[in-house]
Amino acid sequence: KPQLLDDEEGGVLFFSSALSSSSSSYGYASLEKQRQRLPVYKYRNSILYLVETHSTSIVVGETGSGKTTQIPQYLKEAGWADGGRVIACTQPRRLAVQAVASRVAEEMGVKLGDEVGYTIRFEDLTNSELTRIKFLTDGVLLREMMTDPLLSKYSVIMVDEAHERSISTDILLGLLKKIQRRRPELRLIIASATIEAKSMAAFFDTSKKRRGSDDKQHGPKTEPAILSVEGRGFNVQVFYAEEPVPDYLRAAVSTVMSIHNQEPPGDILVFLTGQDDIDAAVELLTEESQNNGKPSGGLTILPLYSGLSRADQDLVFSPTPRGKRKVVISTNIAETSLTLEGVVYVVDSGFSKQRFYNPITDVENLIVAPISKASARQRAGRAGRVRPGKCYRLYTEEYYVNELSTEGIPEIQRTSLVSSVIQLKALGIDNILGFDWPASPSPEAMIRALEVLYSLGVIDDDAKLTSPAGFQIAEIPLEPMISKMILASDELGCSEEILTIASVLSIQSIWASSRGSQKELDEAKMRFAAAEGDHVTFLNVYKGFLKCNKSPTWCHKNFVNYQAMKKVIEVRGQLRRTAQRIGINLKSCDGDTQVVRKAVTAGYFANACRLEAFSHSGMYKTLRGSQEVYIHPSSILFRVNPKWIIFHSLVSTDRQYMRNVITIDPSWLTEAAPHFYQHRQPDSFRQ
Ligand code: ADP
Ligand code: MG
């Protein structure tokens, strides 16, 4: 096979002592050579031609073929960034934005943040003078429309990973279609790994409606072009579990160990679901590999999930040292967003974390749920990047055939629409139901969103944004409930405290949860514990962190995650500036926790719960939907079980668990949201 030969000679194989020892040119091909070897390179001229002649081009190509890193560079080389214009490339995931931007900067030999930059929420590494290629999340591009509705500085916008159907991607596509009508010179590229290119093309095809006028006009064709990049994936042999696996985490670890002990060199990529199980697997695997008879274990074990520090991200991409085998344990970010070069073995748990929303109960949940067949195929494909590979599925073939759905459900159909509705309103789109969505959200979810926004005081009786509150809330790049909390803190005189709480809540966890025993962690938490709940506890941790001069040693001693706290400080700084811009007075309440809790109530009244009378199991019911919920063991109020609480979010495993809870007085609820609670039976409020 000529392709295999190609790999052997050029040494794009980062890992393989067996293959490269026969080759005298071990090491890396120059970056330029690597670029030219990518499948997309053969299509360079076709892509440029299509972009030149069509308003919208759809590029479909297997993961790793070079779409994300190469196309923006081709465009720049062809002059699309001349005259101060900027080429944008969106990604649904923040980590992917950072990783591809740094790769492209490296390939172009420029400093990240100059000619090539990126922007994600709370982090802007671009230069308004210099940046020509800009990577950003789809959510950030949506926000940019609030200040520049026609996105006028961009010449080409590449909406990448469109197959993911993230809610922001879908909304963005709807809005870009509108923008194109006003700015015919704007070019769109929709890129994806697998996509129903035809339905996407139909969505963007406006030529039929304006037949006759189109052909004679100058300028690009409005009918979208479709281009398919032929990949060069190698065969991947798929193995299934013979029996259903009771514990996918342990099964993953033992599968990795048996690959390591029995299979020839090649890196291993394991798909788990989130930080919790990935950290646990890293720990377990580290233990097992140390007990494994082989000298030095031979494994380099690395986690990959969003929220990882830049240094840890870089480790994942760095070449595996000779004689070592790299194991990367990842969320589904490595499914299509990022390509790891030396992977030959894939272990697929069959699960990922997915958001699900029930508009009837108004409860949004992050659930570990089965992936789709399309995802399973993508995951397997990661093993065939450099040579024929193997994929081990930790589920039975029967399960794959009968239980996995063909495609995933677009996020817009399984998430709360509160944030999206407010964004569209802020962009002046008032007829939300009539908006041109690539996939329609459910009417129930839409009505719920409008109801919540009305109760928050964001929209008025005519469903228009209120002034100033609605506009102020739309301006803050956080969930409207958090933004409302910040707004309320202004009146209550505790904005400094609420900004801290909002920052902590936007970070996954500030505890060093993967270190030491649960008991030690619990004891450490007790040093900061506040009877009022987690939010107030966060204030204590933050105070401690400032008092010790942001010392890593202090963090280590107290089981506080130093990286997370540094991020909190950064986010807080940004939020503080936004707050000042929209006219919020910065003020501290000096330890008055009642006003703090009232401010939280002002945003999160919809998440109020009451402890069931005579319940010794700690069962709560939500006031609004009578959902059964329990305090999460990670909460400071776990086992304390105060009567009235508000939770920040829910996670469900065997039960619905409330993460981050705070005590309240029920009378604050009717005060904060009279409309929302007016129809409640008086007895639900009885003390
Ligand atoms: P696609 O978008 O089609 O999935 P990419 O443009 O992301 O493909 O990747 C093309 C190539 O660039 C891959 O071989 C990948 O390994 C390499 N690459 C991308 N990002 C990085 C990175 N941060 N470090 C090293 N290599 C990278
Ligand atoms: Mg890509």
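The values are calculated or read from the model by the stated rules, or taken from the named source; none is laboratory data. Nothing here was measured: the structure is a model prediction, and the numbers come from that model. All Cβ positions, even for glycine, are placed from backbone atoms using ideal geometry, and neighbour counts span all protein chains on display.
A few remarks follow.
- Restricted to the stretch 43-89, and to residues there that are of a type in the set (S, T, N, Q) and within 11 Å of ligand 2 (Cβ to nearest atom), the residue that is modelled with the lowest pLDDT is Thr63.
- The sole residue among Asn549, Asn540 that is modelled with pLDDT of 95 or more and more than 23 Å from Ile498 (Cβ to Cβ) is Asn549.
Quick grid of which residues meet (1) closer than 22 Å to Ala96 by Cβ; (2) among the basic types (Lys, Arg); (3) in a strand (DSSP E or B):
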site	(1), (2), (3)
Pro149	no, no, no
Ser152	no, no, no
Ser155	no, no, yes
Met158	yes, no, yes
His163	yes, no, no
Ile171	yes, no, no
Ile179	no, no, no
Glu185	no, no, no
Ala191	yes, no, yes
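- Residue check, Ser467 among the small types (Gly, Ala, Ser), free of Cβ contacts under 8 Å to residues at least 12 places away in the same chain and in a loop (DSSP other than H, G, I, E, B): yes
- Odd one out for Ala105 among (1) part of a helix (DSSP H, G or I); (2) more than 16 Å from ligand 1 (Cβ to nearest atom); (3) free of Cβ contacts under 8 Å to residues at least 40 places away in the same chain: (2)
- Candidates are the residues of the stretch 334-381 that are within 16 Å of ligand 2 (Cβ to nearest atom) and among the charged types (D, E, K, R); the one that is farthest from Val629 (Cα to Cα) is Glu341.
- Options Ile501, Ile482, Ile510: the member that is touching a helix residue (DSSP H, G or I) at 6+ places or on another chain (Cβ under 6 Å), of a type in the set (Val, Ile, Thr) and modelled with pLDDT under 95: Ile510
- Qualifying positions in the stretch 62-91 - near ligand 1 (Cβ under 6 Å from one of its atoms), under 22 Å from the mean Cα position of the chain (by Cα) and not charged (D, E, K, R): Thr63, Gly64, Gly66, Thr68, Thr69
- Among the residues listed as Glu403, Glu397, Glu364, Glu407, the single one being surrounded by fewer than 16 Cβ atoms within 10 Å (Cβ to Cβ) and in contact with a Phe, Trp or Tyr (Cβ under 7 Å, 6 or more places away or on another chain): Glu397
- Of all residues in the stretch 44-61, none are in contact with a Gly (Cβ under 7 Å, 6 or more places away or on another chain), within 13 Å of ligand 1 (Cβ to nearest atom) and part of a loop (DSSP other than H, G, I, E, B).
- Residues (touching a Ser or Thr at 6+ places or on another chain (Cβ under 7 Å), in a loop (DSSP other than H, G, I, E, B) and surrounded by 15 or more Cβ atoms within 10 Å (Cβ to Cβ)) located in the stretch 305-336: Tyr305, Thr320, Lys324, Thr331, Asn332
- Top-ranked residue in the stretch 345-365 [being more than 21 Å from Tyr395 (Cβ to Cβ) and among the hydrophobic types (A, V, I, L, M, F, W, C); ranked as farthest from the chain's Cα centre (by Cα)]: Ile360
- Members of the stretch 329-367 found to be among the aliphatic types (A, V, I, L, M), at pLDDT 95 or above and more than 16 Å from ligand 1 (Cβ to nearest atom), listed by number: Ile329, Val347
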